[in-house]
Amino acid sequence: MSLNASPTPGSEQSAAPRILRTTLTSPFGRKVRIAMEVLGLSHKIDLEPADTRSETDSLRLQNPLGKMPCLLLTDGTALYDSRVIIEFLDAWSGRNLLVPADPEDRARALTGETLADGIADAALLMVYEGRFRDPAQVSQAWLAHQRGKVERGLAVMAAEPPDPDKTGVVSISLACALGYLDWRKPLEWRGRYPQLVNWLESFAAAEPAFNMTRRPEEAVT
């Protein structure tokens, strides 16, 4: 299947999404799960857990980078990362709700999505620094480097947040990044960015899929 195509359901050239490899705690997997709900695809795609730390997990064959989420199609194609997957699902569903069609609007939206994803990615690296290193080996310089990315990203988003009443790739990505910060707490953000606190509350009220995709309370990975 050509990844440059814009397939539609039912077309002969369209390979259907089949399995999403992710955990219920991944902020990037949550992005895709929200998109699936919004696009009406959640009943068509099975969720299959993935363990990024396991050398024997087939995820490393499906995505050589060993990262999730990874979407498996019926023709054997594997799509990654979350940005690629959401664009594919948006087009494949035929609804085109999440990514603007206009080239300039699309570029702006994808840039905002990348910024929000960068916040989540830097926060995840902060968490991993404490998880995978002995306390004596934790690099405070590395943590400060990643914290700076999060703080600069949050400041930009707080100054000009996406419309909380419109679900798109930017709002989905920002909500998932903030949800991850709330859970892992690599830094305190709510007291410093009250605009984003209000924004998240408004988005959660407008988009049911955000609360529908909350992590199980017992999850620890």
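The values are calculated or read from the model by the stated rules, or taken from the named source; none is laboratory data. All figures in this text were calculated on a predicted structure; none of them were measured in a lab. Neighbour counts are summed over all protein chains in view; Cβ atoms, including those assigned to glycine, are modelled from backbone coordinates with ideal geometry. To get the accessible areas, we keep the full protein, side chains included, count just its heavy atoms, and leave off ligands, DNA and RNA. Shrake-Rupley method; radii C 1.70, N 1.55, O 1.52, S 1.80 Å.
Any residue in region 106-133 that's of a type in the set (Asp, Glu): show its pairings with residues that are assigned to a helix (DSSP H, G or I) and open to solvent by less than 10 Å² (accessible area, probe 1.4 Å) at Cβ separation under 7 Å, as long as the two are six or more apart or on different chains. Once the first residue is of a type in the set (Asp, Glu) and sits in region 106-133, its partners that are assigned to a helix (DSSP H, G or I) and open to solvent by less than 10 Å² (accessible area, probe 1.4 Å) give GLU113/VAL169; GLU113/SER173; ASP117/SER173. The set of residues in region 177-213 being closer than 18 Å to VAL156 by Cβ and aromatic (Phe, Trp, Tyr) consists of TYR180, TRP189, TYR193, TRP199, PHE203. Given the criteria open to solvent by less than 30 Å² (accessible area, probe 1.4 Å), modelled with pLDDT of 95 or more, among the charged types (D, E, K, R) and assigned to a helix (DSSP H, G or I), does GLU113 qualify? Yes; evaluated as a whole, the condition is true for this residue. Return the residue satisfying two criteria in turn: it lies in region 166-221 and is among the acidic types (Asp, Glu) and over 18 Å from LEU98 (Cα atoms), and of such residues it is modelled with the lowest pLDDT. The extreme case among them is GLU218. Of the numbered criteria (1) at pLDDT below 95; (2) surrounded by fewer than 19 Cβ atoms within 10 Å (Cβ to Cβ), the one PRO17 fails is (2).
Check whether at least one residue in region 65-73 is over 30 Å from ALA159 (Cβ atoms) and more than 18 Å from the chain's Cα centre (by Cα), and report yes or no. Within region 65-73, one or more residues are over 30 Å from ALA159 (Cβ atoms) and more than 18 Å from the chain's Cα centre (by Cα).
Filter region 39-57 down to the residues that are in a loop (DSSP other than H, G, I, E, B) and open to solvent by 90 Å² or more (accessible area, probe 1.4 Å) and list them by number. Matches in region 39-57: HIS43, LYS44, PRO49, ARG53, GLU55, THR56. Does region 69-79 contain at least one residue that is open to solvent by 20 Å² or more (accessible area, probe 1.4 Å), over 19 Å from LEU174 (Cβ atoms) and hydrophobic (A, V, I, L, M, F, W, C)? There is at least one residue in region 69-79 that is open to solvent by 20 Å² or more (accessible area, probe 1.4 Å), over 19 Å from LEU174 (Cβ atoms) and hydrophobic (A, V, I, L, M, F, W, C).
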